[in-house]
Amino acid sequence: MTATLVKLAFTGIRSRLLASALTILLTSAAAATIVVALEVGETARDPWQRTFDAANGAHVIAAVPTEADASRIATLPGVAERDEPIPNANARVVSGSGTDRLQLAGLRSRAHVNAPVRTEGAAPPTDGIVLERSFADALGLRVGTTLRLASAGGPIDLPIVGTAVSPSQARYPRSNPGLAWVPRSTLERIQPDRRRWYWTQAIRLAEPAT
């Protein structure tokens, strides 16, 4: 019986050779497309997951007006790990082509949750400025050069000492303004008015799926 079915199948293929060949080709192409899509999807996810793991990524990042608000969030039930609140201020990059907005995060010590992951040069916090990599690439800024920022007291030149990535920051310019890390003392020079600061609190949850 099996032999008869096989003979009938091959007889049908011979009688409709072109249609059979096209069917096999289309089926193979569809299968290959699915496999490639799955592999590309896995490849696209892996870099983000590796960055998240390297950064000890935050499950929640809260942006709030005051340091006290950030500290209260860090003590809420369900918080398993937290970092110190980080002050942020907006700045403007001064260049020949005009100005670009930049978010400055002022670090006093190395972050333990959602830490920037070094890609070139020095890791923050360090003297100078560390730029988020896609922002640096978009503006053609390189480690070892100087970045000029506007401030109330006049332009401030900072050496670019490194680049880094963060799992919480989409690529520039999809995420705008760009992101950079500076020492807390540098943030105070660029934006001395603390009323213009806002604070971010990065936390990891005991049960993030919940």
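The values are calculated or read from the model by the stated rules, or taken from the named source; none is laboratory data. What you see is a predicted model; the values in this text were computed from it and never measured. Methodologically, a virtual Cβ is constructed for each residue, glycine included, from the backbone with ideal geometry; neighbour enumeration extends over all protein chains shown. Side chains included, ligands, DNA and RNA excluded: accessible areas come from the protein's heavy atoms. Shrake-Rupley method; radii C 1.70, N 1.55, O 1.52, S 1.80 Å.
A viscosity of 0.890 mPa s and a temperature of 25 °C, combined with the Kirkwood radius over Cα pairs in Stokes-Einstein, give a translational diffusion coefficient for the stretch 76-176 of 169 µm²/s. Computed from label points 7 Å out along Cα-Cβ, the spacing between residue 95 and residue 118 is 2.5 nm.
By the gyration tensor of its Cα atoms, with a ≥ b ≥ c the square roots of the eigenvalues, what is the shape of the stretch 73-116: rounded for a/c under 1.5, prolate for a/b over b/c, or oblate? Prolate. Label-to-label distance, residue 210 versus residue 71, with points set 7 angstrom from Cα along the beta-carbon direction: 2.7 nm.
Surface analysis of the stretch 75-201 yields an accessible area of 50 Å² per residue, using protein heavy atoms and a 1.4 Å probe.
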